[in-house]
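Taking it in order: structure first as structure tokens, then the write-up.
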Amino acid sequence: MNNSEISFVRTEMLPEKAPPAKETGAIKWVRQNLFSGWLNILLTVLSLFAIYSVLSLILPWAFGGVWNAGSLTECREVLFSFYKGSHDGACWAVIEDRWLQIMFGFYPPELYWRPILAFVLLFVALAPILFADKVPGQLVWFSLAYPFLAAWLVWGGSVWLPIFAAFGFVAAVIAYKILSKLAGPIVANLGALAAALIWWGMLMAPISDGLHKMVGSSRFDNTVATLNARTDELPAQVAAEDALLEAKQAEIAEAVAVKNEILIEMTGIRIEEFGIEEQFEAKEVALQRLDGASESVSDLADILDEWGGAPAAASDASEVDIAKAQAAAETAEDLVGDIGSLLSGALSDLAGDTVDPSELLVPSASQADPSILEDVSSMVSKAGLEDPIAALIARAESVTTETSEADLKDLQADIETASAALGANIEALQTVHDKVIATNADALVEPQARLLDQTAILTALRDDQTVISQSKFRLETELSEGNSFLSSLQSLNEREASLPILQGRVDELKAELPRNMRNLIAVNQLPEGTSSADERLLSEYLGAKNDVLSVSASVNDTYGELGRVGLLPIDSRKIGGFMLALIIGIAGIVLSLPLGILLALGRQSHLFIVNKICVVFIEVIRGVPLIVWLFTASLLLNYFLPPGTNFDLVLRVIIMVTLFAAAYIAEVIRGGLAALPTGQYEGADSLGLSYWQSMQLIILPQAMKISIPGIVNTFIGLFKDTTLVLFIGLFDPIGLAGAIRADTAWNGIYWELFIFIGLLFFIFCFSMGRYSLHLEKKLQREHR
Amino acid sequence: MKKSVFLGAMTVAGLAAGAAAAGTLDDVKARGTLNCGVTTGLVGFAAPDANGVWDGFDVGVCRAVAAAVLGDPMAVEFVPTTGQTRFTALASGEIDLLARNTTWTFSRDVDLKFEFVGVNYYDGQGFMVPRELGVSSAQDLDGATVCIQTGTTTELNLADYFRSNDISYEPVPIETNAEAQQQYLAGACDVYTTDASGLAATRATFENPGDHVLLPEIVSKEPLGPLVRHGDNEWADVARWTLNALITAEELGVTSANIAELSAGTNNPEINRLLGTEGELGAMLGLEADWAKNALMAGGNYGELFEANIGESTPIGLARGLNAMWTEGGLIYSPPFR
Amino acid sequence: MTTLTDPPKGNFRLSQLIYDTRYRSITIQVIAMILVLLGIFWLVNNTIQNLSALGKDFDFGFLSQPAGYDINQRLVEYTSQSSHGRAAIVGILNTLLIAFLGCILATILGVVVGVLRLSKNWVVSRMMAVYVEGFRNVPLLLWIIAIFALMTEGMAQPRDFKVGGDASMILGDSVAVTNRGVYVPGVILENGLFGSAVLNWLLILAVLIASIVCIRILSRRADHIQESTGVRPTTWYQQLALLIVPVGLVLILMGAQLQFPYLKGFNFTDGIHLRNSLIALWLALSLYTGAFIAEIVRSGILAISKGQSEAAAALGMRPSRTMNLVILPQAMRVIIPPLISQFLNLTKNSSLAIAVGYMDVRSTLGGITINQTGRELEGILLMALFYLVLSLVISGVMNVYNNRTQLQER
């Protein structure tokens, strides 16, 4: 056909024309995506407006903030010098000052490397789980060891403590291996449980104490010598730091003085503004009073108009009418009084609190802008404002309820004239004020820059001071701990020697005590009617028992300190901020995994009782809010544990959070188990695998893989929920924000801290969420 | 020394057995640190600084007790407690001493089974209103919205006061002082009520303190003091007499500046007994002879603690008022050291 | 697990308990039972010991003692002289109120945002994405505090509403938005049929429910007619009349009057006061949960295969009708189960009311009452029980609904 002779058939294609401008590129995109219909147009406009209004509020505030200041007051000073109130600019200085605290709580700064290392190693430990195909399989052993390693890094203590704790699991495995050959899986499982419990409950503490004692006694003399030397030289070092600190403080005081000078200088520049501002208030009040007076006059006129003169009832009027008339008369009288008092109030405001325009101090500003002087001279004089009002007062005095309507109208008109004059005066004042500010703003630029420099210098100095005071604090703590350790070392032998004696006393008392009282733990438990002798005996017995316990604990503690081979122990209470949130979150998830898996299997199980136990546990935990569980941890857990057990709040919270997370993890894993095709279960059965074998080799590996995104999401939820620990007195980021605001320097700070904390949470949770989405997609791809 | 560490804590379960019954003093000595319950942060009374070092008026009491018992004011573990958790923390033995501006009341002493060892601040519940409201008396507060801190005796006092005066009001319960302050400043409530000391401390940090007035009515007695568990009299004595030592020292003019000089011996037998150069008061308490001296070295006498933390030279600027020495018309009074 | 049934082999031997799969499951269950019972016994025994050592008892008598504190938002009568038990009931009702309101608003928000996030409008879908990610990734507690602070700092104080102040009431002087909450007009019944207001309102509610039932019947009939004849009778005006007329009549009979709030003294009086704490908590819970629901709705819609919307388009349906009639009804089946768990989450999260001073059950029973009486064991037990029952009831009700809407699979 190409060779067609027919002329009206085109033989070659025309070149494509460019689409119309409306249909290409950005314009097309905008038309199609933003303005495709009236609803879309409306939505777009509304959204853009919303975005604009939010950003126009936040951005100037955030970017006009102050980064260098030692306290909120200093922030306000700087902001004020830039014509900003404390609500018009952020005081980011608080973040600069305290961000490390928000991250780490009160953890000693020189040991920050420990939690950071633990955090970094976390990713190494996660590698075999997340990238099983890319890393060597042996790394799994590191993953298993990681929880113990991390706990050791964060809390410190002797190196064998985590090893011993881990050994409980090893003991369980050994017991299982041996018993399963002898007596089958049920006995083996129970035996493993028993072995672990025996190890942790009975063997671990004595062995660890023994080790400490062994190492400790060999070190005794050396340690005493070093400690003596150290405590001798420490006071000098502390004094040196003290001197440094004092020097620094003097420097700071000097810098503050310089800063204050700059502020005074700036106030000097702005003194004219302040003078004018003072005038505003009084004049505005006077204006309001004048308006009020005018209103009263018109109200009075209305009443008089209504009653045709002074309100009075006709002689034959009913009681109701009389009452009405009386009320109206009273109102009218009140109004008459109001007019006078309002007018004289306005006059006294003007007379007392304002000055004549000629007295307004504007010399320096008017040098820069001569038009100011013109404005000032064109303003009505003070007398010009006052005299009409004084005249009005005289006229108002003659006003009674008998005054004619025309007179009232006149009066009202005159009052309004006076008020208009005053209004014009205020406006003129405003113009002058604006001009003065404009001229001053130029003059302020240079001192403002100096002020900023000076605050930066101050911040640097204060940072130095913090470093010095921290090292001083460290030395002081070392000294005080060294001293108390020395004294406890000195008394160590004595305490050890006293132990058998004390124990003997306990035995003696126990023998004396009536048999039925020997198991009591408090005098309160005695039945009523117990003789006072018995009571005394019991309390003595309990006291003696307590002595034995506390002395032996203190001996163990001293040896523990003496024989410590490892890291400096850090108290849980020192942990706070995001570190605490991370520890609780990660520990909660990691520790809850085994329990969660068991619960999920139990809930899937056909064994009626096992199934019901798991269902009840999961539903009870999930049915009650976390905050109630946290209160349980802080208020009730001590009741549930053996009398006298008392371990620290962070640990109690971790236990509770672990139980809490286990219920949620169980549901996630149950979802994973349910998602596996039945063929997998049947295949495992057909191979003749036992229940545990099939779970371990076939079902769980697949189910866990599917569940990982869900587990990550549970972790995100848990991590966010760790903020609730603030209600039980732990310093999570929000709790720390409260503590920071209780510092006199930062009292009154609000949004800055919350925005910082929110941002950190967002970054962390958002990236985790993205990662879990990525995992989900990857899993979907693999399953296809 | 810090020893009861994470794993150790589990293994020494049973350590504090019977702690509720007796022997806190021994426990503290054996442990080497005092566990002291404080607030999670209240301006002037207890707050951690940038180094995590606690400071404040209540903190001063803790340090004094630690110094008296252990000879070292730094040997204190501060346990932040909330209004909700403080009593449980003390009852369960988690803390040895609670110094958390806690009001001494009958039910707390008798029913909740605690022992108040004295009063370190005589307070009363007051009201703060913005000046522009023009309110001059709490009687004018009919229909007002009142911000209160929950979990304290404040809300009970408030209910009682308004009921007995037949005034209606709208309570707005707030969890912390900082939140309440923000609510009040934004005008979400007309009145903020809490202990008068707290009101003054809060007002002092406002941008314009002059715009707010404290009403003359003090609607309750709030004797704030440290407390310990019931039934451990030795320990209660230690805490009680440490507090009394701080008070007596002010009365006798013993300050942290002149204590070194005075502890060499003076003509005043009471000072000598207090500082342990005469008599055996320390031994009677089960402490060293220089226990009171150590306590005083920690932060100075009562007056010094007051001035350094909440007194008129601080931003909080509280006057001594009721908390002046009894010799100066106040209520601060200590039984004699004899 | 499937078990092979071995032929019985004579007498029962003890070792069968361990080795024989028929008996082994019983053994395992008994052991599990014993372990759990031992654990419970251990906990209870410890508790008894600890309580007696502290000289405390286990007694719910404190619930009948006078509470002594005031509660601002009370749905039933309560004064500071009422008992702790009554304070707990006030708190429970407040919890139920916030949970109910929150679930409704969160669902509306979630559905709207979930649909808008799939919008072709780039600005809108991005904005919704920012909202969803922003709320999902920041702790709820922070949002509650932030929204509460925003409301107290952003709104005008009541005293600004005075003559000459900066603020004024909106909607024809009937609604006042202040930083203490929103005051809206209330309805009072001048001559109710019963003495108590609650009964009167219950009557009105009953009439309303009856009307709704009638409307349902009406629309059922319309469905039948449509099915048999193909023509749907126009019923909307009948439905509207049924909805408005009976309730309106009853209201007029009882002399209902609108009561407008007005400024008196420190605060507005009359009308209904929606407190800031309620609104802030409500908004925060709804916005937070709404973000999660939006994701559920979005994934529910995406789960419907594209063929469905293409088929609807082939039938000539407009996009909005496609969404309403084809996509959403199918998506609902995917959406409802996770929606239930979000409702449960919202209910449990309402216990964060403590952050804004909303007097829910955690603040009354679990907060002030425990603090004043020192009965933490009893108080927390009761509170946990309440939340547990509430959760079970919600999930029970929603499961029933879910089973009804679930596709009957063949």
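Is it true that some residue in the range A:245-262 is under 30 Å from A:GLY482 (Cα atoms), hydrophobic (A, V, I, L, M, F, W, C) and in a helix (DSSP H, G or I)?
Yes, the range A:245-262 contains at least one residue that is under 30 Å from A:GLY482 (Cα atoms), hydrophobic (A, V, I, L, M, F, W, C) and in a helix (DSSP H, G or I).
For the range A:257-300, give me each residue that is within 22 Å of A:SER366 (Cβ to Cβ) and of a type in the set (Asp, Glu).
A:GLU265, A:GLU272, A:GLU273, A:GLU277, A:GLU278
Answer yes if at least one residue in the range A:344-365 is surrounded by fewer than 18 Cβ atoms within 10 Å (Cβ to Cβ) and touching a Gly at 6+ places or on another chain (Cβ under 6 Å), and no otherwise.
Yes, the range A:344-365 has at least one match.
So is C:ASN137 under 20 Å from A:LEU773 (Cα atoms), polar (S, T, N, Q) and either out of contact with any Leu (no Cβ under 8 Å at 6 or more places or on another chain) or open to solvent by less than 40 Å² (accessible area, probe 1.4 Å) (or both) or not?
Taking the combined requirement at face value, the residue satisfies it.
Could you list, in sequence order, the residues of the range A:608-635 that are within 17 Å of C:GLY39 (Cβ to Cβ) and surrounded by 21 or more Cβ atoms within 10 Å (Cβ to Cβ)?
Hits for the range A:608-635 are A:VAL610, A:CYS614, A:ILE618, A:THR632.
Consider A:LEU641 against the criteria (1) among the hydrophobic types (A, V, I, L, M, F, W, C); (2) under 35 Å from the mean Cα position of the chain (by Cα); (3) under 23 Å from A:HIS774 (Cβ atoms): it satisfies all of them except one. Which criterion is unmet?
It fails just one condition, (3).
Scan the range B:151-182 for residues that are within 7 Å of another protein chain (Cβ to nearest Cβ), under 18 Å from C:ALA280 (Cα atoms) and of a type in the set (D, E, K, R) and jot them down.
Across the range B:151-182, the qualifying residues are B:GLU170, B:GLU175.
Which ones in the range A:594-607 are within 33 Å of the chain's Cα centre (by Cα) and surrounded by fewer than 19 Cβ atoms within 10 Å (Cβ to Cβ)?
Hits for the range A:594-607 are A:PRO594, A:LEU595.
What tally of residues in the range B:195-216 results from selecting those that are surrounded by fewer than 18 Cβ atoms within 10 Å (Cβ to Cβ) and modelled with pLDDT under 85?
Total meeting the criteria: 5.
Can you find, within the range C:329-339, the residue that is farthest from C:ILE108 (Cα to Cα) among those that are hydrophobic (A, V, I, L, M, F, W, C) and open to solvent by 10 Å² or more (accessible area, probe 1.4 Å)?
C:VAL334
Give the residue that is surrounded by the most Cβ atoms within 10 Å (Cβ to Cβ), with candidates limited to residues of the range B:280-323 that are under 16 Å from the mean Cα position of the chain (by Cα) and in a loop (DSSP other than H, G, I, E, B).
B:ILE310
Going by the conditions given, is B:ASP58 within 19 Å of B:THR176 (Cα to Cα) and surrounded by 23 or more Cβ atoms within 10 Å (Cβ to Cβ)?
So B:ASP58 passes the test.
Determine, yes or no, whether A:ALA69 is under 30 Å from A:ILE575 (Cβ atoms) and within 23 Å of the chain's Cα centre (by Cα).
yes
Please tell me if A:ARG114 is within 23 Å of A:ASN747 (Cβ to Cβ) and open to solvent by less than 10 Å² (accessible area, probe 1.4 Å).
no
Looking at the range A:671-685, can you tell me whether even one residue there is touching a residue at least 12 places away in the same chain (Cβ under 8 Å), within 11 Å of another protein chain (Cβ to nearest Cβ), of a type outside the set (S, T, N, Q) and buried (at least 19 other Cβ atoms within 10 Å of the Cβ)?
Yes, the range A:671-685 contains a residue that is touching a residue at least 12 places away in the same chain (Cβ under 8 Å), within 11 Å of another protein chain (Cβ to nearest Cβ), of a type outside the set (S, T, N, Q) and buried (at least 19 other Cβ atoms within 10 Å of the Cβ).
Of everything in the range B:96-113, what is over 15 Å from the mean Cα position of the chain (by Cα) and either touching a residue at least 24 places away in the same chain (Cβ under 8 Å) or in a helix (DSSP H, G or I) (or both)? Give them in sequence order.
Of everything in the range B:96-113, those that are over 15 Å from the mean Cα position of the chain (by Cα) and either touching a residue at least 24 places away in the same chain (Cβ under 8 Å) or in a helix (DSSP H, G or I) (or both) turn out to be B:PHE106, B:SER107, B:ARG108, B:ASP109, B:VAL110, B:LEU112, B:LYS113.
Is the range A:637-658 home to any residue that is within 14 Å of chain B (Cβ to nearest Cβ), of a type in the set (Asp, Glu), surrounded by fewer than 23 Cβ atoms within 10 Å (Cβ to Cβ) and within 30 Å of C:ALA355 (Cβ to Cβ)?
The answer is yes, given that some residue of the range A:637-658 is within 14 Å of chain B (Cβ to nearest Cβ), of a type in the set (Asp, Glu), surrounded by fewer than 23 Cβ atoms within 10 Å (Cβ to Cβ) and within 30 Å of C:ALA355 (Cβ to Cβ).
Would you point out which residue out of A:GLU374, A:GLU330, A:GLU416 is closer than 26 Å to A:PHE280 by Cα, open to solvent by 60 Å² or more (accessible area, probe 1.4 Å), without any contact (Cβ under 8 Å) to a residue 40 or more places away in the chain and charged (D, E, K, R)?
A:GLU374
I'd like to verify a number: residues in the range A:711-752 that are in a helix (DSSP H, G or I) and more than 9 Å from chain B (Cβ to nearest Cβ), how many?
Total satisfying the criteria: 19.
I want to confirm something. Restricting to the range B:265-279 and keeping residues that are among the small types (Gly, Ala, Ser) and open to solvent by less than 50 Å² (accessible area, probe 1.4 Å), which single residue is modelled with the lowest pLDDT?
Taking the candidates together, the pick is B:GLY265.
One line per residue, one yes/no per condition, for (1) of a type in the set (A, V, I, L, M); (2) within 30 Å of A:GLU265 (Cα to Cα); (3) surrounded by 15 or more Cβ atoms within 10 Å (Cβ to Cβ); (4) in the same structural domain as A:GLY748 (by TED's automatic domain parsing):
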| site | (1), (2), (3), (4) |
| --- | --- |
| A:LEU14 | yes, no, no, no |
| A:PRO19 | no, no, no, no |
| A:GLU23 | no, no, no, no |
| A:ARG31 | no, no, no, no |
| A:LEU43 | yes, no, yes, no |
| A:SER71 | no, yes, yes, no |
| A:CYS75 | no, yes, yes, no |
| A:LEU79 | yes, yes, yes, no |
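Considering only the range A:54-86, how many residues are of a type in the set (Phe, Trp, Tyr) and in a helix (DSSP H, G or I)?
3
Could you pull out the residue among A:GLY191, A:GLY156 that is in contact with a strand residue (DSSP E or B) (Cβ under 7 Å, 6 or more places away or on another chain) and open to solvent by less than 20 Å² (accessible area, probe 1.4 Å)?
Just one listed residue meets the conditions, A:GLY156.
Filter the range A:87-105 down to residues that are assigned to a loop (DSSP other than H, G, I, E, B), away from chain B (no Cβ under 12 Å) and either over 17 Å from A:GLY758 (Cα atoms) or open to solvent by 10 Å² or more (accessible area, probe 1.4 Å) (or both), then give me how many there are.
Matching residues across the range A:87-105 total 3.
Residue-by-condition table, conditions (1) open to solvent by 60 Å² or more (accessible area, probe 1.4 Å); (2) outside any loop (DSSP other than H, G, I, E, B); (3) more than 14 Å from chain B (Cβ to nearest Cβ); (4) under 30 Å from C:GLN342 (Cβ atoms):
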| position | (1), (2), (3), (4) |
| --- | --- |
| C:PHE194 | yes, no, yes, no |
| C:ALA210 | no, yes, yes, no |
| C:LEU218 | no, yes, yes, no |
| C:HIS224 | yes, yes, yes, no |
| C:LEU240 | yes, yes, yes, no |
| C:LEU278 | no, yes, no, yes |
| C:TRP282 | yes, yes, yes, yes |
| C:TYR288 | no, yes, yes, yes |
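Hey, among B:VAL228, B:VAL191, which residue is more than 10 Å from every other protein chain (Cβ to nearest Cβ) and open to solvent by less than 10 Å² (accessible area, probe 1.4 Å)?
B:VAL228
Here is a list: C:ALA146, C:ALA129, C:ALA88. Which entry is out of contact with any Cys (no Cβ under 9 Å at 6 or more places or on another chain), assigned by TED's automatic domain parsing to the domain that holds C:VAL361 and crowded, with 20+ Cβ neighbours inside 10 Å?
C:ALA88
The values are calculated or read from the model by the stated rules, or taken from the named source; none is laboratory data. Quantities reported herein were computed from a predicted structural model and do not represent experimental measurements. Every residue, glycine as well, gets a Cβ built from its backbone with ideal geometry; the counts of neighbours run over all protein chains shown. To get the accessible areas, we keep the full protein, side chains included, count just its heavy atoms, and leave off ligands, DNA and RNA. Shrake-Rupley method; radii C 1.70, N 1.55, O 1.52, S 1.80 Å.
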